[in-house]
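Notes follow once the structure below has been shown.
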């Protein structure tokens, strides 16, 4: 076989490096040998696509375009980046950052491989340890947010997570500083968070929702026994693996349940408004474990219904409704939901902390039958007082019920002052133990009484009518069989006398 003419393949030439070349080599993620290999492969492919034997002269400038059909620099760099991704040299995130002119993709001994999301205190990345090769999640405090208070909060989070070791909480591995950037390294949990999972798949089946919330309750119980309160329990802070394991993440907003003097956010309302407890709004300096239970109840409501308890409105209106109103009955969105499970959600979302489920351990215990345990054969009495309305027939939902993207962080009212947030002012809701009359609630969140016959709790218009109708039905159910029996006996006696 005759030897191949070297001129038929684009040769590797010594040319001026492109910006992508310079950043790739500077990052330390690509070696010069890997670059030349990629360049050889990509140039050969481009030559084949153009069906020409030679597209450049040996002395052509790599940063220029010509008028003879050569590929523009940006397109060639993108082809090179794709080659590195396909061969596993770079991740797609790394290639995108290098193409954008960023070469700093390491933090201490950790190589950043992917962007995961935005946490309560900063951005979260996926990373690999240079020596150990272990995948981790790295939370970074952005430089633009690096104030004295935020740094203190971030360091506080590092100290808090360092002392936690529970299979239902995200574990911390390491922490450090690189070029003035503070970072925290935690275990990487494959999968997604509960919020993204529900947005993608819709409401979870009862068994899956109960299992995830039960595991989250076990993690919170561990934190509570260490004297900690999370303060920002929500679907976005519960990570779920493909195998169904759940872990509570982001304890950056956690605080010691006793002695908040060292917390730079003490005395502020901290949390996410779709899941915040009434006491976090009224008296944030006195928040305890019961607050996490309320937020976990709101999270379970979202997991089963696919809607937040109080959809629509701004932050201030949501805060007011958490304190004053009751949400839609869960069976409006999940008609097949067991009444005992409805009661558990309601007991978790009691507005009075004293009437709420007393501990996260109790939450886990009560959810266990639906998460694979043996169901309690004793029926509990039905109690609909937690809900604005009982389960109606399925109907079209008009509100999307999306949660807000970021945490609420506003100063609580002082005695006699107004609560101020986002330039608006409202009178803070008063602390009261009296039940709220449903007739006083916003009509935009309550259905007409006529569409839900037979489901009204005590104190709701129509309930007495239901009781009267039930009494009549019971009376007829007893009287009609007796009348039939007496008639049969009289007929028998009559026929016997005629005989």
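What is the extension gain from residue 87 to residue 494, computed as 0.36 nm multiplied by their sequence separation minus the C-alpha to C-alpha distance, in nm to one decimal?
Details: separation 407, 0.36 × 407 = 146.52 nm, distance 10.00 nm.
Between residue 87 and residue 494, full extension yields an extra 136.5 nm.
Using the Cβ-Cβ distance between residue 245 and residue 147 with R0 set to 35 Å, the FRET efficiency works out to roughly 0.45.
Which peptide among 299-305, 101-107 comes first, and what is the full order, when sorted by highest mean count of other Cβ atoms within 10 Å? Before the final figure, lay out each step's value.
Working: 299-305: 26.1, 101-107: 15.1.
Per-residue mean Cβ counts within 10 Å order the peptides as 299-305, 101-107.
Round to the nearest 0.05 the FRET efficiency obtained for residue 100 and residue 355 when R0 = 56 Å and r is the Cβ-Cβ distance.
Numbers: r = 54 Å, r/R0 = 0.97.
According to the calculation, E is roughly 0.55.
A short reminder: the numbers here are calculations on the coordinates, not readings from a lab. If you're wondering where the values come from, they're calculated on a predicted model, not measured in any experiment. Glycine also receives a Cβ, built like all others from the backbone with ideal geometry; neighbour counts cover every protein chain displayed.
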